[in-house]
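Worksheet for the structure shown next.
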There are 2 protein chains.
Amino acid sequence: MSVPAEEIERRVQALSAGIQDAGLRLTHQRLEIVREVAGSKTHPDVETLYRGVRKRMPTVSLDTVYRTLSVLTERGLIERVTATAGPARYDGNPFPHHHFVCTRCGLVRDIDDANTDAIPPTKQTDSLGEVESIQIQYRGVCAACRQAATSSN
Amino acid sequence: MSVPAEEIERRVQALSAGIQDAGLRLTHQRLEIVREVAGSKTHPDVETLYRGVRKRMPTVSLDTVYRTLSVLTERGLIERVTATAGPARYDGNPFPHHHFVCTRCGLVRDIDDANTDAIPPTKQTDSLGEVESIQIQYRGVCAACRQAATSSN
DNA sequence: GTTACTGCAAACTTTTTGCACGACA
DNA sequence: TGTCGTGCAAAAAGTTTGCAGTAAC
């Protein structure tokens, strides 16, 4: 149920290229952090990514994880997940997609690009600015939380 | 260009009722905080709301603003804005709506309920859980940022 | 009259920053 | 070889919590 190896590879390629195209250095640390975030489907927070990277690179520092994620986000290569409260979480999938969000436990999972052509810009959006992309949040209760609620009733 | 008085009133009513229906006390502090958040269309952060409330109630504390916003959010009466990084921002509109988000400056504005029937749950969402609501983020560049970019080119 | 809420202060968590050393292009 | 990036440490920012007094119901 993890991200398929070839998909991880595709993401790592896109992110690595993005770093180098921006004239930035692709250091060992950055590559490992890219691998970690690209290989996760849970949209982890910085601390979790840090622990994951340290398994392969024990000397990496938390600051570097913060800084690398900032760099990637500033360049638009990855996104901060804007769906949950608490510590920042990151989305290592650099291709367009949407999110399912569990309102109970904060689980976030990617949803492939839906038919966003069905959602045209409106008069309201037109008066505010130019819409460049549309992201949908499907909010609800995940299977695990649903089961937990059922069995305790 | 602010929220119309009757709309503010409608929101304050809904939020006040929500507090009391939950068996909580509608204190002066809570009412002023509700007024502040319901009257703003900018989705302000806690510090900004605090300053606004203090104009009318100089003795209110920042903690109480934090606590009241937490209470309102936990009860599902208002929502934390899940669109921007940085300090938490709150959306005092308790009725269904969507958001336009400027990716440059972080401006967030409400968009009236679009035709979300055009976005049915998918096989993917079905396998993750039950979708209860759909929120659309229209992302782009707001008029002010667009103008700033144009005039500096 | 109870009990929940508030203000104050302190603590805690998360994130950012300055600096000197080390490594990438 | 020059410059960008890293690790360390300290600081800053944002948020939460314990406690005693106060106010809502």
>> Please go through the range B:45-78 and give me each residue that is modelled with pLDDT of 95 or more and among the acidic types (Asp, Glu), ordered by number.
In response: B:Asp45, B:Glu47, B:Asp63
>> For the range A:83-113, which positions are in a loop (DSSP other than H, G, I, E, B), buried (at least 21 other Cβ atoms within 10 Å of the Cβ) and within 7 Å of another protein chain (Cβ to nearest Cβ)?
In response: A:Ala83
> Is one or more of the residues making up the range A:96-104 without any contact (Cβ under 8 Å) to a residue 12 or more places away in the chain and either on the phi > 0 side of the Ramachandran plot or not β-branched (Val, Ile, Thr) (or both)?
Replying inline: no
> Of all residues in the range A:47-74 being within 30 Å of B:Thr122 (Cβ to Cβ) and within 14 Å of another protein chain (Cβ to nearest Cβ), which is nearest to DNA strand C (Cβ to nearest atom)?
Replying inline: A:Leu69
>> If I ask for residues that are surrounded by fewer than 20 Cβ atoms within 10 Å (Cβ to Cβ), assigned to a loop (DSSP other than H, G, I, E, B) and either under 12 Å from the mean Cα position of the chain (by Cα) or not assigned by TED's automatic domain parsing to the domain that holds B:Ser40 (or both), which ones from the range B:68-81 would you list?
In response: B:Gly76, B:Val81
>> Among (1) touching a Leu at 6+ places or on another chain (Cβ under 6 Å); (2) touching a residue at least 40 places away in the same chain (Cβ under 8 Å), there is one condition A:Leu24 misses while meeting the rest; what is its number?
In response: (1)
> Which of the residues that make up the range B:38-48 are within 15 Å of B:Val12 (Cα to Cα) and assigned to a helix (DSSP H, G or I)?
Replying inline: B:Ala38
> Which residues, counting only those in the range A:124-145, are out of contact with any helix residue (DSSP H, G or I) (no Cβ under 9 Å at 6 or more places or on another chain) and either of a type in the set (Phe, Trp, Tyr) or in a helix (DSSP H, G or I) (or both)?
Replying inline: A:Gln124, A:Thr125, A:Asp126, A:Ala144, A:Cys145
> Within the range B:27-59, which residues are free of Cβ contacts under 8 Å to residues at least 24 places away in the same chain and either within 12 Å of DNA strand D (Cβ to nearest atom) or surrounded by fewer than 18 Cβ atoms within 10 Å (Cβ to Cβ) (or both)?
Replying inline: B:Thr27, B:Leu31, B:Thr48, B:Tyr50, B:Arg51, B:Arg54, B:Lys55, B:Pro58, B:Thr59
> Within the range B:118-139, can you find the residues that are surrounded by fewer than 19 Cβ atoms within 10 Å (Cβ to Cβ), over 23 Å from the mean Cα position of the chain (by Cα) and either at the interface with chain A (Cβ under 7 Å from one of its Cβ atoms) or under 12 Å from A:Arg139 (Cα atoms) (or both)?
Replying inline: B:Ala118, B:Pro121, B:Thr122, B:Gln124, B:Asp126, B:Glu130
> Can you pull out the residues in the range A:17-37 that are over 18 Å from the mean Cα position of the chain (by Cα), assigned to a helix (DSSP H, G or I) and within 9 Å of DNA strand C (Cβ to nearest atom)?
Replying inline: A:Gln20, A:His28, A:Gln29
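The values are calculated or read from the model by the stated rules, or taken from the named source; none is laboratory data. Keep in mind the model is a prediction, meaning the values are calculated, not measured. Please note: Cβ atoms are built from the backbone with ideal geometry, for glycine as well, and neighbour counts cover all protein chains shown.
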